[in-house]
Every structure is written in structure tokens, then in C-alpha cells.
Amino acid sequence: MRFSRLLLPTSKEIPNDATLASHIYLIRAGLIQSVGGSGLYNFLPLGKKILDKVRLVVKEELDKAGCQETSLAFVTPLSLWEESGRDSEYGKELLRFKDRKDNDYLLSPTNEEAMVNLVRQTVKSYKQLPLNLYQINLKFRDEIRPRYGLMRGREFLMKDAYSFHATVEDMQREFALMEETYRKIFTRLGLDFRVVLADSGQIGGDGSKEFMILADSGEDDIIVCDACDYGANVEVAADAKTGDICACGATLRLTKGIEAGHIFQLGTKYSEALKATFLNEEGKAQAYEMGTYGIGVSRLLAGIIEQNHDDKGCIWTKESAPFTLDIIVANAKDEMQATLGENLYKKLGDVRHVDVLLDDRKKERFGPKMKDFELVGIPYALVLGKGVKEGQIELIERKSMQKTLFNFDAEKIHEFQTFDDLAAKIYEHLKSNNALPGVA
């Protein structure tokens, strides 16, 4: 992608209603755009690209775990929620409406009822179980006070999965597999997180765990142990406090967390309510044992930035970054800089398959180009400046702002081998520093 063709309306202004770093920087970096200040957001091109990259990590790990992707209707008949009894539990968070035939519908805030309805129409025998179906789809909750940008919006992208089983033991096996799968997702995204015991709330069920991104801006208080992976929401572990001794012998501490994932053992709560049954091995009708597993995919973008930012802007992790490398041509009117930039862009992008942005803007000075690199938070910038004449360019890591110099023969700048060798050096440096997504 060339910056000269990119829609990226970066800004120096802090949005009036923004207090969290993620809210401020996602808007200032031109990644999202508020729609009337009502908890609704447009994803601009780079914001959408980041969202897609995060979505892909979630999808890849779920597919590896044997889950199957579906896509349910965003509009759900209210009658399904009346069957489960949750229409009254959710209250005004449900956005209800009537169609032209006066039928009642709602915009889905979650899809337990809809997925049970799908399965009760298609799965009839224990031989078709177990089954884990998921979607990554829009949700809508009419929050009374939408705030904090993507952290608590009204419309959001969510991964919701639902598993169906013949026995409690098999449901618990899947629950454990989903916990392991979620750990892989959050680890790949470069997040510092804890899995904590939690309250099942409106979803219901007997057992649930939350995946908390550790951040000072989090709304939840959690007790954690730094020596092992113990963690609990204080609402669940009300007696635990800072200074208590963990079962492993280390000291517990209180911290803040952002809930980004939640897994539940539902039992037969929904299958019984919606009369969803299958024929077991004895040929008798039996309600499904169920689990449900959610991740706030769009919320993950905010969580990543809450953990990874500085006073200059965003710092994206390698799996979530819109680009791996930003090639900054300091003066696009300079022939040597422009030639080197074009050829490295092709060699690294087309040949080495590095996700590269070429800042080829001719009407911007070097200063604003660097400001945009810092604000957007691309992991690396390759600066082609005055040093090109002496055969020298700089690679800057965004997180540390550490610089690495690369030398080449400036007299051979128009030769094929010069670009090939230089691109190879840069690629190997990125690879050795574990900066390439999907490359360990």
C-alpha cells in the first residue's frame, strides 16, 4: 500500500468525549470514526485491516480446535427469546422493532437462542455430537451509557461459539479445550492476560471464566498471582485481598482488568427451555449439554492499545499491526531516495511477502511522516533520508524507538543486486527479532 493512496485522516486533536488512551489514539490515528457520539463507530481502512488481522487469529485457533464457522442472522425473532425467558431479563438493552407485517424482532446481543434453534432443526442423534459452532458477527446492545470508544460501544464485533454434547463430562472437556484455545489466541496477540473465575451473569450456567487483559484502565478488579496463573474476579473471590497467600505460596495482588473473553458451562439451561433434544444411545430424547464461548473481537483492538501505547500514539503487536514495516521516503522528490524506496517496497513486499506501507507522499515533510508513523504505531519504520547518498538507511523499532543502521554501496543504487541484498538484510533482521507474523 502507498501512503499517497491511503485514506488515513490522522489528527492532533483529542476527541472531546475520549478519556482512555485507546479511544483517543484509535480516533486520532484515523482508524475509527465516531458516528454521532452514540457508541457507534465506522472502521476506516487501516482500522478495518487491523480488525481483520485480529479476527484471523481468532478464526485460525478456533478452526485448529475443531470448531466450525457459521454466520447467523443479525436480526433475531423475539419469539426465540420469549421461549428462553430472557426477553424480560435483558430489558431495554434489547433493541426491539417490528417489521412491516407487525412481527417482533431484535438486534442480536448474543445468540444462544438462535444457535439452539439452528441445532434443534438439524441435529437429531447422539452420533452427530459433539458439535462446536461459532460465528464472528455483529452484535448490538443498547447500552444506557456507551463510553470508552470500542471498549463499551453499542454495536460491536463478537466471536460467539456454542458447543453441544451428550454428557456433562464431554461438555467439560470442550470447556477446557476452549480455555486452552483462548490462551493461544490472547498469547498470539501479544497480550498480558489472566484467566479468572467469574460470575455467569445473564448468560447463566454453573461455571464460567473470564479472560482479563491487565490494564490500569480496566473496569474490573481482579486478584492475581504473579508466580502462577491464578486469578479471580473480586466479585467471585470476595474474601481474597492484596497480601493474601496463594495456594502456590506466593503473594496475591489486586489489579485492574478488561474483560475480553468469557466462557460458560451452560448445562441444559437453553436446550430445555427451547425443547432442543436429540436421541441418545438408548433411543430416548435428551436435552443437549451446552457450553458457550465469547470474545469481544473489536474490543480486543482497544485492549491491545491500552496495554501498548506511549505519549506518541499506538504500538501494535506483530499479529495485530496494520503493516509490519513503514518505508518512509523523507524527500519523495529526491531521485535516490525515491528509487531506493520503490525497489525496497517491491523486494520486501512482493518477493519477501512483508506487509509494507510506502510513505511516498510528495507534499509532506519528513517530520509529519514520522509523526504519523509514531501515532499509527506500525512496528518498524525504514527511514530513507539524507544518509542515502552515503549508503546508509535507518530501521526504527516503534516500541523502543531503537535505531539500526544498514549500509549499502550508494554508487550501485541502480543495480538489481543492491536492492536484493539490502532487502535480504532487512528481512533477516525482522525475522531474527521475531517481528514477522506467523514466523517464529
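Exactly one residue among GLY36, GLY66 is without any contact (Cβ under 8 Å) to a residue 40 or more places away in the chain and small (Gly, Ala, Ser), and that residue is GLY36. Within the option set PHE373, PHE366, PHE408, being under 19 Å from ASN308 (Cβ atoms) and aromatic (Phe, Trp, Tyr) holds for one residue only, PHE373.
Note on the stretch 109-139: residues that are aromatic (Phe, Trp, Tyr) and buried (at least 20 other Cβ atoms within 10 Å of the Cβ) amount to 1. For the stretch 251-276, the tally of residues that are within 12 Å of ALA198 (Cβ to Cβ) and part of a loop (DSSP other than H, G, I, E, B) stands at 0. Number of residues in the stretch 374-433 that are over 28 Å from CYS314 (Cα atoms), crowded, with 21+ Cβ neighbours inside 10 Å and β-branched (Val, Ile, Thr) equals 1. Residue check: LEU279 meets all listed conditions (1) in contact (Cβ under 8 Å) with a residue 60 or more places away in the chain; (2) surrounded by fewer than 21 Cβ atoms within 10 Å (Cβ to Cβ); (3) under 28 Å from GLU61 (Cβ atoms); (4) among the aliphatic types (A, V, I, L, M) but one, namely (3).
Does any residue of the stretch 147-158 turn out to be in contact (Cβ under 8 Å) with a residue 12 or more places away in the chain, assigned to a helix (DSSP H, G or I), under 17 Å from the mean Cα position of the chain (by Cα) and more than 24 Å from THR110 (Cβ to Cβ)? Scanning the stretch 147-158 turns up no residue that is in contact (Cβ under 8 Å) with a residue 12 or more places away in the chain, assigned to a helix (DSSP H, G or I), under 17 Å from the mean Cα position of the chain (by Cα) and more than 24 Å from THR110 (Cβ to Cβ).
For the stretch 372-403, enumerate the residues that are assigned to a helix (DSSP H, G or I) and either without any contact (Cβ under 8 Å) to a residue 60 or more places away in the chain or among the aliphatic types (A, V, I, L, M) (or both). Within the stretch 372-403, PHE373, LEU375, VAL376, LYS386, GLY387, VAL388, LYS389, GLU390 qualify. Residue check: SER163 meets all listed conditions (1) among the polar types (S, T, N, Q); (2) within 21 Å of ALA302 (Cβ to Cβ); (3) part of a strand (DSSP E or B) but one, namely (2). Considering the stretch 1-95, the qualifying helices (runs of 4 or more DSSP H), each wholly inside and each with 2 or more residues that are under 17 Å from the mean Cα position of the chain (by Cα) and modelled with pLDDT of 95 or more, run over 21-28, 45-64. In the set (1) touching a strand residue (DSSP E or B) at 6+ places or on another chain (Cβ under 6 Å); (2) hydrophobic (A, V, I, L, M, F, W, C); (3) open to solvent by 10 Å² or more (accessible area, probe 1.4 Å), the condition left unmet by LEU106 is number (3).
In the stretch 91-103, is there at least one residue being in contact (Cβ under 8 Å) with a residue 60 or more places away in the chain and out of contact with any Pro (no Cβ under 9 Å at 6 or more places or on another chain)? The answer is no; no qualifying residue exists. Kindly evaluate ILE413 against the criterion of being touching a residue at least 60 places away in the same chain (Cβ under 8 Å), farther than 27 Å from ASN308 by Cβ and over 23 Å from the mean Cα position of the chain (by Cα). When the stated conditions are applied, ILE413 passes them. Select from the stretch 309-333 the residues that are of a type in the set (A, V, I, L, M, F, W, C), out of contact with any Pro (no Cβ under 9 Å at 6 or more places or on another chain) and part of a loop (DSSP other than H, G, I, E, B) and list them in ascending order. ALA330, ALA332 - these are the residues of the stretch 309-333 that are of a type in the set (A, V, I, L, M, F, W, C), out of contact with any Pro (no Cβ under 9 Å at 6 or more places or on another chain) and part of a loop (DSSP other than H, G, I, E, B).
Cβ-Cβ contacts under 9 Å between residues 6 or more apart (or on different chains), taken from a first residue in the stretch 115-138 that is on the phi < 0 side of the Ramachandran plot and assigned to a helix (DSSP H, G or I) to a second residue that is of a type in the set (Val, Ile, Thr) and open to solvent by 30 Å² or more (accessible area, probe 1.4 Å), are listed as MET115/THR70; LEU118/THR70; ARG120/THR277; GLN128/THR122.
The values are calculated or read from the model by the stated rules, or taken from the named source; none is laboratory data. Because the structure is predicted, anything quoted here is derived from the model rather than measured. Glycine also receives a Cβ, built like all others from the backbone with ideal geometry; neighbour counts cover every protein chain displayed. Surface areas here come from the heavy atoms of the whole protein model, side chains and all, with no ligands, DNA or RNA. Shrake-Rupley method; radii C 1.70, N 1.55, O 1.52, S 1.80 Å.
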